[in-house]
Amino acid sequence: MTAHLSLEIPGSDEYRALRVAAGLSAMSPEGAATGLPASWCSVCVREGGELIGMGRVVGDGGLFLWVVDIAVTPGRQGQGWGRRIMQALMDEVHARAPARTMVGLIADGTAHQLYEKFGFKLVAPAAQGMLLRL
């Protein structure tokens, strides 16, 4: 079976399940139900209808955008899906976002190596990422 990438927003339950399967933190049903429809851009990778990868861009669409939720099921990691997801998201960013929009992300572990291929730069020590989890 062949996997296919498309611009679409995942369902709340499959989104939450994929995050956990990919080793990302769990999200609440309420948060997913509210947040997913507000995505600026969302990409899903499906194989036989099953969500095996995803990525989203969130933000105000003009000043600040954030790349979030880059996730691929463990059995499909290392096959280039993360790169393809990022490419699709960045194609949308370059096509739709105004000039001088700031696009950010938080890179876990060695993921910065992937993001650097798309022009992202480490900002430390000049700046540090911060997060408040409710």
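Every number in this text was worked out from the coordinates using simple rules, so none of it is lab data. As the structure is a prediction and not an experimental result, all values here were calculated from the model. Note that we place each Cβ from the backbone using ideal geometry, even for glycine, and neighbour counts take in every protein chain shown.
Rounded to the nearest 500, the helix-only mean residue ellipticity at 222 nm of the chain stands at -8000 deg cm²/dmol, with each DSSP H run of n ≥ 4 adding -39,500 (n - 2.57).
Against the longest principal axis of the chain, how steep is helix 12-21, in degrees 0 to 90 to the nearest 10, with axes from Cα atoms? The angle comes out near 80 degrees. Could you give the alpha-carbon Rg of region 3-116 over 2.2 N^0.38 Å, rounded to two decimals? The reported ratio for this selection is 1.01.
Taking other C-beta atoms within 10 Å as the exposure proxy, 103, 72 rank 103, 72 from fewest upward. Taking the Cα centre of the chain as origin and assigning +1 to Lys and Arg Cβ atoms and -1 to Asp and Glu Cβ atoms, the resulting dipole is close to 340 debye.
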